[in-house]
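Participant: Got a structure here, written out as structure tokens. Questions coming.
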Amino acid sequence: MGLLKEKDREKVKKVFEEIEKDVKIVMFTQETECQQCEMTRKLLEEISGLSDKLSLEVHDFVSEAGLAKNYGVDKIPAIVLIGERDYGLHFYGLPSGFEINVLIGDIIDVGKRNPELSKEVTAELAKVDRPVHIQVLVSPT
Amino acid sequence: MASDHITADMVEGSEFPFLVVKYNVSGVPHSVINEKHSIVGAQSDLEFASAILKAIGK
């Protein structure tokens, strides 16, 4: 039994048709998986199977600590979305409920290589000239 | 994606309670910029961009 319902899988497959370029989904878990890590991995396996432009790599946070550090990952389960480069976009924890929509939306933005921000917002963000780390704390809905 | 300087994490608060405590989170979404500046509640993209600039002193 999948984590996504059949009708949701069909919906996601349809919106994934908007993806134009390859998206690499990188996940960090560990050998003895906590329940959230295992469920996150299974969810990503389902999601990445819904478009041939998506690939999934699963890495071990402990045995591949150097790689985790390169991706800026400091806790698990962690999902990193890679387009033509690493944008520093991370999801920590099992995405559930509405958060799955956020993940899918971000996969599509990366796949279109376009975050679809207004000119005004893009102009403001161009003024950023030093590291900015944003953390958005959410809870399951 | 819009800036090479910005990294962004979506964090499941229920799985990482130490962050909920660290940032004194009482409602979600709760956003934190550079571990210091908090924004509570949903914001427009522009409000968020302004908050980022404010956080870095611009």
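Participant: Do we have any residue at all in segment A:67-79 that's more than 23 Å from residue A:10 (Cβ to Cβ), of a type in the set (Lys, Arg) and part of a helix (DSSP H, G or I)?
Facilitator: Among the residues of segment A:67-79, at least one is more than 23 Å from residue A:10 (Cβ to Cβ), of a type in the set (Lys, Arg) and part of a helix (DSSP H, G or I), which makes the answer yes.
Participant: Please count how many residues of segment B:21-46 are within 9 Å of chain A (Cβ to nearest Cβ), within 14 Å of residue B:8 (Cβ to Cβ) and part of a loop (DSSP other than H, G, I, E, B).
Facilitator: Adding up the residues that qualify gives 3.
Participant: Looking only at segment A:95-114, count how many residues are of a type outside the set (Gly, Ala, Ser), out of contact with any helix residue (DSSP H, G or I) (no Cβ under 9 Å at 6 or more places or on another chain) and surrounded by fewer than 18 Cβ atoms within 10 Å (Cβ to Cβ).
Facilitator: 5
Participant: Taking the condition within 25 Å of residue A:81 (Cα to Cα), surrounded by 14 or more Cβ atoms within 10 Å (Cβ to Cβ), at pLDDT 90 or above and among the charged types (D, E, K, R), does residue B:9 pass?
Facilitator: Yes, satisfied.
Participant: Another question about this same structure. What are the residue pairs meeting all of these: first residue in segment A:74-100, first residue more than 7 Å from chain B (Cβ to nearest Cβ) and in contact (Cβ under 8 Å) with a residue 24 or more places away in the chain, second residue part of a strand (DSSP E or B) and surrounded by fewer than 19 Cβ atoms within 10 Å (Cβ to Cβ), Cβ atoms under 6 Å, and 6 or more apart or on different chains?
Facilitator: Close Cβ pairs satisfying both conditions: A:82/A:24.
Participant: So, residue A:63, is that one among the small types (Gly, Ala, Ser), more than 7 Å from every other protein chain (Cβ to nearest Cβ), without any contact (Cβ under 8 Å) to a residue 60 or more places away in the chain and at negative phi or not?
Facilitator: So residue A:63 fits the description; yes.
Participant: Of the residues A:46, A:84, which single one is at pLDDT below 95, closer than 20 Å to residue A:104 by Cα and in a loop (DSSP other than H, G, I, E, B)?
Facilitator: A:84
The values are calculated or read from the model by the stated rules, or taken from the named source; none is laboratory data. In this text, all values refer to a predicted model and were calculated from it rather than measured experimentally. Methodologically, a virtual Cβ is constructed for each residue, glycine included, from the backbone with ideal geometry; neighbour enumeration extends over all protein chains shown.
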